[in-house]
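Working notes for the structure below.
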Amino acid sequence: MARIETHKQRGSILPTLAAVAAAFAAGALAHAFLTRTHPGDDGNAGAKHILVVLSNAVEGADDVFNDWYTNTHLPDVIRVKGFSGGQRFRRSSAQMDDDGGEPYRYLAIYEVDADDVRVPRDGLRDNADNPETMYVDPALDRDRTVAWFYTPITGLVKH
C-alpha cells in the first residue's frame, strides 16, 4: 500500500493560515494533493512544494472574480514552468472560530513540481499583468490577497 504524501500545513504565526489548516483537516484537498504517492513507492515523487494563495474579490464582484479565477487565472498559472496543478476553495460557513471574521474568502493551492521554488515564482513575476500571458482581472482585491510557498516536511499522518 502506498504511503500518502502531504504538504506543510503550518509554519507561520499568521492567523489567516487557519483557513489552510481547516481545508486540510476537512479533507477538501484529499483528492487533489494527498493521494499522490510517497517518493520511492513507484517513482512518482508527487509535488515538491505548494503555493498557497488566499484572496478576495473587490466588493460586489464575486461572480466576475470567480469566473475569471476559475476559467482564466487558474489555467494561466498552471501553464507557468514549475506548476503542475491547482484547485480553488471557498471559505466554509462553519469555522473553528465562529467570531464572524473573514479575512480571506477564497483559497487556491497550486502543486509545484520544480525542485527550486524560484522557478515558478520568477515565472509568475515575469508574467504578472501581461495580458498576453496572464491577465489579472480588476475584480481581484490585490490589497487583500496573499501568497506563500510551502515545502512538505512530513508525510500524511493517518489514524
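Things to note:
- Neighbour-limited loop hits for GluC sites (Glu not before Pro), the stretch 57-145 (at most 13 other Cβ within 10 Å; DSSP other than H, G, I, E, B): GLU59, GLU132
- Karplus 3J(HN,Hα) series, Hz, for the stretch 73-81 with 6.51 cos²θ - 1.76 cosθ + 1.60 (x for Gly, Pro): 5, 4, x, 4, 5, 4, 6, 5, 3
- Of the chymotrypsin sites (Phe, Trp or Tyr not before Pro) found in the stretch 74-159, those that fall in a DSSP loop while having at most 16 other beta-carbon atoms within 10 Å are TYR135.
- From phi via Karplus (6.51, -1.76, 1.60), per-residue ³J(HN,Hα) for the stretch 130-147 in Hz, x at Gly/Pro: 9, x, 6, 10, 7, 5, 10, 5, x, 6, 6, 7, 5, 6, 10, 9, 9, 8
Here, each number is a calculation from the coordinates, and none is a lab measurement. Remember, predicted model here, so these are calculated numbers, not experimental data. We place every Cβ from the backbone using ideal geometry, glycine too, and count neighbours over all the protein chains shown.
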